[in-house]
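S.K.: Once you've had a glance at the structure underneath, I'll fire off some questions.
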């Protein structure tokens, strides 16, 4: 079983992954660069269309070489590798998988038609756990600490625009996955508060 976590930065995905790990699930991690390379070769052979399409999206959404490298490494190579590795293990958690790329790839707002086509290409986990919490999480300390490593270097005006894009794309995604068309094809659990987390941990 592959469980994938989706949510805004700082919403609590990594914390939940550690809690689920205590329930005999394995959090997927890539051990070294050799494994990263090998698993991406496997992903390329199994999913060539996705591989080159996502690479194209990262390229057209680059701000500069540093951010391109960050996305290429973390949103592309590591997520491809985690997906392949997860298929070999019976009970796994992917903290930020392919669905997270709805937030990670894009520097501008996307529309519903594009989102539907983009999501249709994503490999599906057995369970998608979606953090649908108050958007104020985007201003908390965990979110700001993530910004320090990747986005703050581009200046305040960029960060303000990027936050707006991130929130807009997140709202669009949340609305779409609650439609009958999508929800009939993908098992989803929504996390809106601490009580939802407690209930979820009791059920698994």
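Residue-by-condition table, conditions (1) in contact with a helix residue (DSSP H, G or I) (Cβ under 7 Å, 6 or more places away or on another chain); (2) at pLDDT 75 or above; (3) closer than 21 Å to residue 5 by Cβ:
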residue	(1), (2), (3)
115	yes, yes, yes
123	yes, yes, yes
127	no, yes, yes
136	no, no, yes
140	no, no, yes
148	no, no, no
154	no, yes, no
157	no, yes, no
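S.K.: What tally of residues in the stretch 127-136 results from selecting those that are farther than 25 Å from residue 49 by Cβ and touching a residue at least 24 places away in the same chain (Cβ under 8 Å)?
M.R.: 6
S.K.: Sticking with this structure for a sec: List the pairs whose first member sits in the stretch 99-126 and is more than 23 Å from residue 70 (Cβ to Cβ), whose second member is part of a loop (DSSP other than H, G, I, E, B), and whose Cβ atoms are under 8 Å apart, counting only residues at least 6 apart or on separate chains?
M.R.: Taking only residues 6 or more apart or on different chains, the pairs are 124/185; 124/186; 125/97; 126/1; 126/187.
S.K.: Which ones in the stretch 160-186 are surrounded by 13 or more Cβ atoms within 10 Å (Cβ to Cβ) and part of a loop (DSSP other than H, G, I, E, B)?
M.R.: Result: 178, 186.
S.K.: Moving to a separate point now. Within the stretch 72-88, does at least one residue satisfy the condition of being in a helix (DSSP H, G or I), surrounded by fewer than 15 Cβ atoms within 10 Å (Cβ to Cβ) and under 18 Å from the mean Cα position of the chain (by Cα)?
M.R.: From the stretch 72-88, those in a helix (DSSP H, G or I) are 72-86; that's our starting set.
Within this subset, residues satisfying the condition of being surrounded by fewer than 15 Cβ atoms within 10 Å (Cβ to Cβ) are 73-74.
Checking the rest, the ones that are also under 18 Å from the mean Cα position of the chain (by Cα) come to 73-74.
Checking the stretch 72-88: at least one residue is in a helix (DSSP H, G or I), surrounded by fewer than 15 Cβ atoms within 10 Å (Cβ to Cβ) and under 18 Å from the mean Cα position of the chain (by Cα).
S.K.: Next question, about the same structure. Out of (1) within 27 Å of residue 107 (Cα to Cα); (2) part of a helix (DSSP H, G or I); (3) out of contact with any strand residue (DSSP E or B) (no Cβ under 6 Å at 6 or more places or on another chain), what's the single condition that is false for residue 10?
M.R.: (2)
S.K.: From the list 63, 27, which residue is surrounded by 14 or more Cβ atoms within 10 Å (Cβ to Cβ) and either at positive phi or touching a strand residue (DSSP E or B) at 6+ places or on another chain (Cβ under 9 Å) (or both)?
M.R.: Every option except 27 fails the conditions.
The values are calculated or read from the model by the stated rules, or taken from the named source; none is laboratory data. Not measured: the values here are computed from a predicted model. FYI the Cβ positions are ideal-geometry reconstructions off the backbone, even for glycines, and counts take in every protein chain you see.
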